[in-house]
Amino acid sequence: MSIVYVCRKCKKHHSKAEYVQNRFCLVCGSFLLPTLVKEESYLPDSFVDVNGVDVVGKEKEALFRAAELLRKRVNQTKEYEVVSEKESLPQKSSVFESWIWNSEYEEALKFEKHLLKQYKDKTLEEALPGRVVSNVQGECYEVSAVCCCDFRNVTFEESRQVMISDLKVLSGIGPVSEQKLKKQGYATVEDLTRHSRCGRQAQEYMRLVDARDVSLTQKWLGQRLSKSHPLLHYLAGFCQDDFAIIDIETLGLSERPIILLGVAKPVEGHVCVTQFLLRDISDEPGAIWALISQINPKLSLITYNGKSFDVPYIRQRLAYYGLKACIDNPNFDVLYFTRRALKSKLANCKLETVEKYLGVQRGINVPGALVPHFYDTYLRTKNVGPLVPIVEHNRQDLVTLGVLFSKLYEEWQFDR
């Protein structure tokens, strides 16, 4: 029997030397798992067929060349771009945090060196007070905190008034027809329940509104309005205070492990933050399951690019491990609302930029684009220092989301 290092995704075997140098597969980029195998399970070093051709040797050589080529491509591919302040921003960016200022980059590297020195020989518990938690899928490290946050949501009455004042929520009604109907005395959708042509559709909409059905009303509005429309924000008034603000940190933009999952729940002027951190990659299933256990079907999610990134990424990792869990909660993606309300006032819609507009001050921080780099440094050095700003970065993102969600209501007074 011997130990080999097998890719969890493509099943390629790696040597111990390859594992020590890079814990991720050279072929597909997924992480490696130590596996005990029988010696005879290996292919022979060579096998000569009837024509005298070394079949296994040729296959191994071809596989090595393919793996080496892919490794070079992976190394050449950057998931973020360092941009000089003298240059213009990249014109095409698939992810809103795919670039970082050169000055921020240099400061972050200096900060990393400082952390490595400051936390040398410190334990995880000393650096980040918390506890190890376990569930049916494994273990992870839990960090909890209570943070001040001026979280405010509209009442159901405020929400209902706005939701029924826009007649364009009904199919077939545009700006022109809306004005005509209002001149005829149909000021709200509720008034239209008596209309000969629109009455049935108006009655169906009012049933959803008065039942406070967040999920179905969100789908109704999503079919008729843009994702950034203020009515989709006001719909939060149906939820009372049943929210879960979520944000994740990953080792890449796709098919890489999630290294930290954070959830914050608003409670009377503050938020209770719980974060599930991976001490090692093998903690990922347990950490994801810990987050899933915090999200019951009655909660509505507040995210920042969560519809396109966080939630699909969590689903992807659940599928990767063969875990079955449903995350179909209503999702209030604040990025859409921020772009509509603040795009003309901000240089970009990165959360750190929005924070400056809101007057939110961060303490220790690492730019979001460099979180994978800091975590990789932790894995290589076993020094817990680089984990400290990652956890703080994620916690501040959660608190900022709560503040931003509330402040955006002030931006809609001229945009209803």
Specify the residue that is modelled with the lowest pLDDT; the eligible residues are those in the stretch 220-251 that are open to solvent by 60 Å² or more (accessible area, probe 1.4 Å) and closer than 30 Å to Gln275 by Cα.
Asp241
Contacts under 8 angstrom Cβ, first residue in the stretch 1-30 being closer than 18 Å to Tyr321 by Cβ and open to solvent by less than 50 Å² (accessible area, probe 1.4 Å), partner small (Gly, Ala, Ser) and modelled with pLDDT under 75, 6 or more apart:
Cys7/Ser30; Phe24/Ser30
The lone condition Ser196 fails out of (1) open to solvent by 20 Å² or more (accessible area, probe 1.4 Å); (2) in contact with a Ser or Thr (Cβ under 9 Å, 6 or more places away or on another chain) is (2)
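Counting only residues that are free of Cβ contacts under 8 Å to residues at least 24 places away in the same chain and in a loop (DSSP other than H, G, I, E, B), which one in the stretch 168-193 is surrounded by the most Cβ atoms within 10 Å (Cβ to Cβ)? Steps first, answer last, please.
We begin by selecting, within the stretch 168-193, every residue free of Cβ contacts under 8 Å to residues at least 24 places away in the same chain; these are 174-187, 191, 193.
Filter again for in a loop (DSSP other than H, G, I, E, B), leaving 174, 184-187, 193.
Working: Gly174: 9, Gln184: 10, Gly185: 8, Tyr186: 20, Ala187: 13, Thr193: 18.
Per the criteria, the residue is Tyr186.
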Tell me whether the stretch 332-350 contains one or more residues that are charged (D, E, K, R), in contact with a strand residue (DSSP E or B) (Cβ under 8 Å, 6 or more places away or on another chain) and closer than 16 Å to Leu261 by Cα.
no
Restricting the search to the stretch 138-155, which residues are at pLDDT below 95 and surrounded by 17 or more Cβ atoms within 10 Å (Cβ to Cβ)?
Cys149, Phe151, Asn153, Val154
Is it the case that Arg256 is in contact with a helix residue (DSSP H, G or I) (Cβ under 9 Å, 6 or more places away or on another chain) and more than 24 Å from Leu408 (Cβ to Cβ)?
yes
Just the residues that are free of Cβ contacts under 8 Å to residues at least 60 places away in the same chain, open to solvent by 90 Å² or more (accessible area, probe 1.4 Å) and not polar (S, T, N, Q), please, taken from the stretch 329-346.
Lys343, Lys345
Those residues of the stretch 363-405 which are closer than 23 Å to Arg339 by Cα, among the small types (Gly, Ala, Ser) and open to solvent by less than 10 Å² (accessible area, probe 1.4 Å), in sequence order:
Gly402
Go through the stretch 320-339 and count every residue that is outside any helix (DSSP H, G or I) and of a type in the set (S, T, N, Q).
2
Take residues that are open to solvent by 10 Å² or more (accessible area, probe 1.4 Å) and tell me which of the strands (runs of 3 or more DSSP E) falling wholly in the stretch 258-319 contain 3 or more.
258-267, 270-277
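The values are calculated or read from the model by the stated rules, or taken from the named source; none is laboratory data. Just so you know, these numbers come straight off a predicted model, no measurement behind them. Reconstructed Cβ throughout: ideal geometry from the backbone, glycine too, with neighbour counts over all protein chains shown. Ligands, DNA and RNA are excluded from the accessible area calculation, which covers all protein heavy atoms including side chains. Shrake-Rupley method; radii C 1.70, N 1.55, O 1.52, S 1.80 Å.
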